[in-house]
Amino acid sequence: MRLPRLAVLAIASLVSADVNTTHESRDILPSTFKPAQHFRNVNLVRNINLEKSYARETINVVVENVDAQPQSEYFLPFEQRSLGRIGGLEVKDKKDPEKAGFLVDVVEVDPYGSTQYYKITFPSALPSKEQLTLSITYYTLSALSPLPAQIAQTDKQYVLHAFSAYAPSAYTTSKQKTKLKLPGVDVPDATTLPAELNADGKEDPQKQGTTYTYGPYNELPAGAVQDVSVRYEFTKPLLHATLLERDIEVSHWGSNIALEERHWFHNRAATLKTHFSRVTYQQSAYYNPPTPALKEMRFPLTIGSMDPYFVDEIGNVSTSRFRSNIREANLELKPRYPMFGGWNYSFKVGWNNDLKGFVRRAKGASDQYVLKVPFFEGPKQAEGVEYERVVTRVILPEGAMNIHFETTVPLVSNATGLHPTFMDTIGRTTLTLTAINMVDEFRDRDLIVTYEYPFAARFRKPLVFFAGLLAVFVVSWVVGNLDVSIGRKQKAT
């Protein structure tokens, strides 16, 4: 299949491609573009989960085709300023969630326009007057802002989340409401709306434990916005990874798969008012209060993982603990220093696994193999981790060919190349996949790679090694038999 050229972000519910995938160009629509009013949102419920350091939004909407003709393209609008922070957008049939997700693409609108659109394509056109229930899920990175922006080392942290009480829609909505799930009950500020707006005549938001509800609201036009915000206590790190690079190196000769991840972390939490106090930090270690500083990370690895390492820019970091048994494999890490708001930390971790747990022969093909690994792993934190960019490289044995891959992770690009390593002739075949605006909830998504590894290619390296040694011996023999001595010349008689 072909992956579209994207100006900001590409999303696909299922990506399955070969290594020769190309990009197709599209015309840029004018900034005045408005989707045709073929649909009406009969009922819409929007859930915003704020229990982690990013916002996860789920929109369940009953869509009705009000046009005389069958329609298959549904548009979802976002503000230009927020589109670049939207990731992991997936759309499924609410009544049949086991089916593959719908195709989702970004409509390339004039970048000077205030609104951008995602285009959702139904598997089959929706007939006139028929209804379809959509479940739309996406994540918003950098959605929480510390307020105040500076706090003392032991203070609580409060964050602000600004949003619209009306769900984003390019169509008229007959009835809707928005629910917020907060991590606790300490909520000093929440925008209130008058009872006249509410269909039940109640003042918004309505509170029930950690759930805040705006609505229901009756008939609202396309593009309706009602700005609101909520400020709540969240004394946890706001972990933002600017880049995650992951290498998966497959070795058939060694029957080993080596995995390495390189992380560049930034804590978006409130910064310190004064200088960091080591004494205060050590005192708090005895009762372990909530803190916006990152103090430790946990990497749940595949059972059977071995030989882990933890290295940062200075060198090996000894503050790590690896526990492995027949039921689990956990790598627990402590950074070289506590990572407070505004601080950065970069490091790499790696480990090995037995190849047979990840690679198998394809049925009916002796030279074809199937590799199944997580697209990325990274730490599993209670507060969550957001990733601005994830680059995964699959380094296959030298001579591997006819590569195909499949994953449900939304990708923006894929490419192949060569990666030269020790004793290679031309280099190992490498598949590079890139995704943007990811969150740790995608860490369990699989990447499946099929490739051919001919029998003759397996002996390329030992033959090169043998030829190299033979060449060394031949050169040594030739040099050893050269007469380079300086002797006296014989006088002529």
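The values are calculated or read from the model by the stated rules, or taken from the named source; none is laboratory data. Only a predicted model underlies this, so the values are computations on that prediction, with no experimental measurement involved. Quick reminder, even Gly has a Cβ in these numbers, built from the backbone with ideal geometry, and neighbours come from all protein chains shown. When the accessible area is computed, the model is the full protein with side chains, heavy atoms only, and any ligands, DNA or RNA have been set aside. Shrake-Rupley method; radii C 1.70, N 1.55, O 1.52, S 1.80 Å.
For this structure, a couple of remarks:
- Count - residues of segment 106-158 that are surrounded by 19 or more Cβ atoms within 10 Å (Cβ to Cβ), assigned to a strand (DSSP E or B) and in contact with a Lys or Arg (Cβ under 7 Å, 6 or more places away or on another chain): 5
- Conditions (1) of a type in the set (Ser, Thr, Tyr); (2) free of Cβ contacts under 8 Å to residues at least 60 places away in the same chain; (3) in contact with an Asp or Glu (Cβ under 8 Å, 6 or more places away or on another chain): number failed by Tyr286: (3)
- Of all residues in segment 159-170, exactly one satisfies the criterion of being assigned to a loop (DSSP other than H, G, I, E, B) and either surrounded by fewer than 17 Cβ atoms within 10 Å (Cβ to Cβ) or of a type in the set (S, T, N, Q) (or both), namely Ser169.
- Candidate set from segment 225-276 (those that are out of contact with any strand residue (DSSP E or B) (no Cβ under 8 Å at 6 or more places or on another chain) and farther than 30 Å from Pro397 by Cβ); member that is least open to solvent (accessible area, probe 1.4 Å): Thr235
- Checking Asn47, Asn41, Asn20 one by one, the residue that is open to solvent by 10 Å² or more (accessible area, probe 1.4 Å), at pLDDT 95 or above and either under 24 Å from the mean Cα position of the chain (by Cα) or over 30 Å from Ile395 (Cα atoms) (or both) is Asn47 and no other.
- Here Glu57 clears all of (1) surrounded by fewer than 16 Cβ atoms within 10 Å (Cβ to Cβ); (2) within 14 Å of Val91 (Cβ to Cβ) except the condition numbered (1).
- Looking across segment 275-314, the residues that are part of a strand (DSSP E or B), over 24 Å from Gln153 (Cα atoms), touching a Lys or Arg at 6+ places or on another chain (Cβ under 9 Å) and not hydroxyl-bearing (Ser, Thr, Tyr) come down to Phe299, Pro300, Phe310, Val311, Asp312.
- Of the criteria (1) in contact (Cβ under 8 Å) with a residue 60 or more places away in the chain; (2) under 24 Å from the mean Cα position of the chain (by Cα); (3) in a strand (DSSP E or B), which one Asp444 fails: (3)
- Neighbours by Cβ (under 6 Å, 6+ apart or cross-chain): first from segment 301-324, farther than 13 Å from Leu259 by Cβ and free of Cβ contacts under 8 Å to residues at least 12 places away in the same chain; second surrounded by 13 or more Cβ atoms within 10 Å (Cβ to Cβ) and not acidic (Asp, Glu): Arg323/Asn330
- Elements of type strands (runs of 3 or more DSSP E) contained in segment 315-431, each with 3 or more residues being farther than 30 Å from Glu98 by Cβ and open to solvent by 40 Å² or more (accessible area, probe 1.4 Å): 320-324, 344-354, 385-395, 413-419
- One residue from Tyr112, Tyr74 being modelled with pLDDT under 90 and under 24 Å from Gln226 (Cα atoms): Tyr112
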